[in-house]
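Down below is the structure, laid out as structure tokens.
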Amino acid sequence: MNNKAAEVRLEGIAKRYGKVEAVKPLDLVIEGGTLVTLLGPSGCGKTTLLRMIAGLEQPSAGRLFIGGRDVTLLSAGERNVSMVFQSYALFPHMNVLENVSYGLISSGFGKKDAAARAEAALETVGLRGFGARLPSEMSGGQQQRVAVARALVLEPAVLLFDEPLSNLDTRLRRSMREEIRALQQRLGLTVVYVTHDQAEALAVSDKIVVMRNAEIAQSGTPEALYAAPENVFVATFMGEANHVHGAIEGITGDTAQVALDALRLSLPHRGLGVGPCDVVIRPEAIRLADSGPGIAGQIARATYMGAHTEYLIATPLGELFAILPDRLHRRAAGSAVSVTLDPEGVVLVRP
């Protein structure tokens, strides 16, 4: 198997600290050459899982394979993986070239060979000619690239990222996540990426593994998780979502007839039966009119956001958060509206 496209396979992997289950037994396959994101709130187990793949934590149970090789009992240095930390962890007294070549020299490479490889790695991340600078002379985004170059120079079978962009401002985070994604695709690397930022996960991932309470809540493509979340937690964690209660009045084939106050919608039933149901409404699925059929509502708050307006609407279903591209015709707080829904952004979920 190509070193750069090594599959990572977890079989019954678990981690306990005394009586605390940091990761409950789980199975997961990360296909070679893909970028898989572990997404979830603080304390859900995602970083512990990443550290077990890295060899920085020993599993309490289960087996771990990288490229078909059982590495469960191997140390971090024997696994051929590299990790980019949240803090970058650059040596402040070394220049950039020395930082990037440090791992190679520690592994027995000669200084000249290590320097040549380090220069090539810096060029890969767009930092050609920066080798003589100290980390303190570089911006946060540049330091992050140095950390990535230091990981890449070791030619790992798997590259691991632990919240790599959390120290950067919003604009820089956006450009850096695009660079990481482009680099992963260009080099065909297997990447495991940890974040709690949903937008980041949606932007970079081939597959997202949403974690909750030390186990996998759902995994799938970004599109599948956003459009078809299995439960309320995944729905509300994967972007903005309104959670409301409705009723399934009937089922025909794969379709449920769903009542939401005055509205009637036909939605995929997703295994649910007739009776009360939980419904998720994406903010962009909400349509507003001055009058007409729909759910009667009143604008509680209107927030101008430049390219769009965010509304909070009081309705019999509860307050609904809506995003509309009506920046030229904004509705004022207190306005009466009729709410209808685009079925594409409405989904039945389990509690």
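Return, for the Cα atoms of the chain, the radius of gyration and Dmax in Å, separated by a comma.
24.2, 77
Give, in nm to one decimal, the length gained when the segment between R63 and V232 is fully stretched (0.36 nm per residue of separation minus the Cα-Cα distance). Walk me through the numbers before you get to the answer.
Working: separation 169, 0.36 × 169 = 60.84 nm, distance 3.12 nm.
Full extension of this stretch gives 57.7 nm more.
With the crude spin-label approximation of a point 7 Å out along Cα→Cβ, what separation in nm comes out for S175 versus A132?
Each label point is offset 7 Å from its Cα along the Cβ direction, giving 2.4 nm.
The stretch 289-351: which trypsin sites (Lys or Arg not before Pro) are DSSP loop and have at most 13 other beta-carbon atoms within 10 angstrom?
Within the stretch 289-351, the qualifying trypsin sites (Lys or Arg not before Pro) (loop, at most 13 other Cβ atoms within 10 Å) are R327.
Which chymotrypsin sites (Phe, Trp or Tyr not before Pro) from the stretch 15-104 combine a DSSP loop assignment with at most 15 other Cβ atoms within 10 Å?
Answer in residue order: F85.
Can you send over the carbon and sulfur percentage of the accessible area for the chain, probe radius 1.4 Å, protein chains only?
Of all accessible area on the chain, carbon and sulfur atoms account for 50 percent.
Below 27 Å Cα-Cα, how many Lys pairs turn up in the chain? Only count pairs eight or more apart in sequence, or on different chains, if you could.
Close lysine pairs under the 27 Å cut-off: 11.
How large is ³J(HN,Hα) for each residue in the stretch 193-202, as worked out from phi by the Karplus curve 6.51 cos²θ - 1.76 cosθ + 1.60 (θ = phi - 60°), to whole Hz, x for Gly and Pro?
So the Karplus estimates, Gly and Pro as x, are 10, 9, 7, 10, 9, 5, 4, 4, 4, 4 Hz.
On average, how much accessible surface per residue is there in the chain, in Å², for a 1.4 Å probe, leaving out ligands, DNA and RNA?
Ligands and nucleic acids excluded, the figure is 46 Å² per residue.
Give the calculated FRET efficiency between L73 and A333 to the nearest 0.05, with a Förster radius of 41 Å applied to their Cβ-Cβ distance.
0.10
T255 to E155: extension gain in nm, 0.36 nm per residue of separation minus the Cα-Cα distance?
Between T255 and E155, full extension yields an extra 31.0 nm.
Please report, in cubic angstrom per residue, the volume enclosed by the convex hull of the alpha-carbon atoms of the stretch 35-169. Walk me through the numbers on the way to the answer.
Details: hull volume 17.1 nm³, N = 135.
Once divided by residue count, the hull of the stretch 35-169 is 127 Å³.
Relative to the present Cα-Cα distance, how much length would full extension add between A307 and A199 at 0.36 nm per residue of separation?
37.1 nm
Given axes a ≥ b ≥ c from the Cα gyration tensor, I'd like to know whether the stretch 216-299 is rounded (a/c under 1.5), prolate (a/b larger than b/c) or oblate.
oblate
Counting just the Cα atoms, what span does the stretch 36-96 cover along each of its three principal axes? Round to the nearest Å and put the largest first.
Result for the stretch 36-96: principal-axis Cα extents of 40, 30, 21 Å.
Run the quick spin-label model on E21 and R264: label points 7 Å from Cα toward the beta carbon, then report their separation in nm to one decimal.
So the label points at E21 and R264 sit 4.5 nm apart.
The values are calculated or read from the model by the stated rules, or taken from the named source; none is laboratory data. These figures come from a predicted structure and were not determined experimentally. In this analysis, Cβ positions are derived from the backbone assuming ideal geometry, glycine residues included, and neighbour counts consider all displayed protein chains. Note: areas computed on protein heavy atoms with side chains; ligands, DNA, RNA excluded. Shrake-Rupley method; radii C 1.70, N 1.55, O 1.52, S 1.80 Å.
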